[in-house]
Amino acid sequence: MLNWIALGVVGYGLSFGIQTLSGDLYFNLFLFSLTSIPSKAIGMWLTNRLGRKKATGICFIIVGITGITGGVLQTLDAKYKETLTTVLAITANASIMAAWGTVQTMTVELYPTVIR
């Protein structure tokens, strides 16, 4: 349950924050949408290669690292802060999209057959 809540909150938070990222709003929205296709394929590949728990863990770790790094970056006075924040947000969004498939599959397999 917490996986679903975490993915939903962070995913919608990133989606609603696209307009605050640097660069063109429409190009950022295009990049967010474009990265979801290969990230889902990478998520399926990781799931088949490592298993559902490890693949989900890797995706969550990437989201956590990019989120914390982006938050710390906002407090610093870095030269390319806006560009780095945009790249980190797109990376976090791609990891969230990869994690959705693994979490959904894992959730279905956890329930008994009678409930499914």
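Cα centroid distance between region 82-106 and region 18-55, in Å?
5
Kirkwood hydrodynamic radius of the chain from all distinct Cα pairs, in Å?
After inverting the mean inverse Cα-Cα distance, the result is 15.0 Å.
Where in region 22-53 does the amide nitrogen come within less than 13 Å of the point 7 Å from the Cα of THR83, taken along Cα to Cβ?
Counting only backbone N, you get 22-23.
Under 22 Å Cα to Cα from LYS40, which lysines show up? Leave out anything in the same chain fewer than 8 places away.
LYS53, LYS54
Where does region 52-116 land on Rg/Rh, using Cα atoms and the Kirkwood Rh? Can you show the working numbers first?
Working: Rg = 16.0 Å, Rh = 13.3 Å.
A ratio of 1.20.
Which of the trypsin sites (Lys or Arg not before Pro) found in region 17-90 are loop residues per DSSP with 13 or fewer other Cβ atoms within 10 Å of their Cβ?
Values: sites: LYS40, ARG49, ARG52, LYS53, LYS54, LYS79, LYS81; in loops: LYS79.
Sites meeting the loop and neighbour criteria: LYS79.
Okay, helix-only estimate at 222 nm for the chain: each DSSP H run of n ≥ 4 adds -39500 (n - 2.57), divide by all residues, round to 500 deg cm²/dmol; what do you get? All intermediate terms of the calculation are to be shown ahead of the outcome.
Details: 4 runs with 95 residues, N = 116.
Roughly -29000 deg cm²/dmol at 222 nm, from the helical runs in the chain.
Can you compute the modelled spin-label distance between PHE30 and LEU73, with each label point 7 Å from Cα toward Cβ, in nm?
Modelled inter-label distance: 2.1 nm.
Every read-out reported here was derived from the displayed coordinates using simple, explicitly stated rules and does not represent laboratory data. Because the structure is a prediction, the values reported are computed rather than measured. Glycine gets a Cβ as well: all are built from the backbone with ideal geometry, and neighbour counts include every protein chain shown.
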